[in-house]
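These notes concern the structure reproduced below.
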Amino acid sequence: MKCLPSESVDSYYNRFQELLEDLSHADDKISTKSAMRHFIFTLGPEFEPIQNGYRIGSLPTDWQATHWPTLLILCRNFYHSVNPKGPSTSGNNGTNVLSTVDRNTQHKKVKNVVFSTWEIS
């Protein structure tokens, strides 16, 4: 299960929670920590700075949340800082409206903000 390119964080969160509800009836339960990790790693390429920070254990303490609503708010805020216009939409020819150059510039800005925040913490 992955977040679709046109799907909002909230929509994906709802879909993910439905799956977790279905899995809660299984014999082998998934831990909240493991489910949250899986959620973060299936959000998409916009979340690479968060995913990389998670891998190397350098996320700010806020991102070590154990409460789903807290994680949802963090993910939503981060996503909107990377994509202030919301999920990308496609033009008539199927190409993304935002150019690759614009997206890369925005990613660099967000990475700089994220990493400078981590250095302060």
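The values are calculated or read from the model by the stated rules, or taken from the named source; none is laboratory data. For clarity, every value in this text was computed on a predicted model and none was experimentally measured. A quick note on method: Cβ atoms are made from the backbone with ideal geometry, for glycine too, and the neighbour counts reach across all protein chains shown.
Results for (1) surrounded by 10 or more Cβ atoms within 10 Å (Cβ to Cβ); (2) among the hydrophobic types (A, V, I, L, M, F, W, C); (3) modelled with pLDDT under 90, shown as yes or no for each residue.
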{"residue": "SER11", "(1), (2), (3)": "yes, no, no"}
{"residue": "LEU20", "(1), (2), (3)": "yes, yes, no"}
{"residue": "LYS29", "(1), (2), (3)": "yes, no, yes"}
{"residue": "SER34", "(1), (2), (3)": "yes, no, no"}
{"residue": "GLU46", "(1), (2), (3)": "yes, no, no"}
{"residue": "GLN64", "(1), (2), (3)": "yes, no, yes"}
{"residue": "ARG76", "(1), (2), (3)": "yes, no, no"}
{"residue": "VAL82", "(1), (2), (3)": "yes, yes, yes"}
{"residue": "THR89", "(1), (2), (3)": "yes, no, yes"}
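Criterion first (modelled with pLDDT of 90 or more, assigned to a helix (DSSP H, G or I) and either under 16 Å from the mean Cα position of the chain (by Cα) or surrounded by 11 or more Cβ atoms within 10 Å (Cβ to Cβ) (or both)) does HIS107 satisfy it?
No; evaluated as a whole, the condition is false for this residue.
Please state which of the following conditions SER8 fails to meet, knowing it meets all the rest: (1) touching a Pro at 6+ places or on another chain (Cβ under 8 Å); (2) more than 17 Å from LEU71 (Cα to Cα); (3) among the polar types (S, T, N, Q).
Against the list (1) touching a Pro at 6+ places or on another chain (Cβ under 8 Å); (2) more than 17 Å from LEU71 (Cα to Cα); (3) among the polar types (S, T, N, Q), SER8 comes up short only on (2).
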